[in-house]
Amino acid sequence: MDPDDDVCLCFHVSLRKIRGFMERENPPVASLISDCLGAGTGCRWCVPFLRELHRQHVAGPGAGLGPGGEPDLKVSPEQYAKSRLSYHRTGRREIDGQPVDDLAENGPADGGASTK
């Protein structure tokens, strides 16, 4: 994901804003990321992704999936938005048929070919 892509699509909270919030506030638990413009409090699609970003943040500098080791999500904004629509229809959090919880460590099943 690019820094200016929205992680919370309900409230348009970008990855950059979430990174900045975590750097500044160092939340001890992922649920406190909701203090960043309400991220995760709308449809709740982004909650597992916020948890993953928090996990990377807590792991320390350089432990993230981003180019500089900052927290990142290995999914394209297009995949992310399309999967959210499916979540609204089915109630299942999946990207390309893979449960979202499995994406934390591995990225999409295609080996990252469709990621940014």
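No value in this document is a laboratory result; all are computed from the given coordinates. Computed from a predicted structure; not experimentally measured. No Cβ is skipped: glycine too gets one built from the backbone with ideal geometry, and neighbour counts run over all protein chains shown.
Arrange the following residues from fewest to most other Cβ atoms within 10 Å of their Cβ: R19, R51.
Arranged by neighbour count, lowest to highest, R19, R51 become R51, R19.
Let me spell out the model: positive unit charges on the Cβ of Lys and Arg, negative unit charges on the Cβ of Asp and Glu, origin at the Cα centre of segment 6-75. What dipole size does that give, in debye rounded to 20?
So the magnitude is around 100 debye.
May I ask for the distance between the Cα centers of segment 16-31 and segment 57-76, given as a whole number of Å?
Here the answer is 13 Å between Cα centres.
Between H12 and E25, how many nm apart are label points set 7 Å from Cα along the C-beta direction?
About 2.0 nm separates the two model spin labels.
Normalized C-alpha radius of gyration of segment 1-70, against 2.2 N^0.38 Å?
0.98
Out of I18, C8, G60, whose Cα points farthest toward the positive end of the dipole of the chain (charges: +1 Lys, Arg; -1 Asp, Glu; placed on Cβ)?
C8
Would you list F11, F21, F49 from fewest to most Cβ contacts within 10 Å?
F11, F21, F49
Hey, rough spin-label estimate for K82 and V58, points 7 angstrom out along Cα→Cβ, what's it come to in nanometres?
3.2
In nm, to one decimal, how far is the modelled label at C43 from the one at D4, with both set 7 Å along Cα→Cβ?
The two pseudo-label positions are separated by 2.3 nm.
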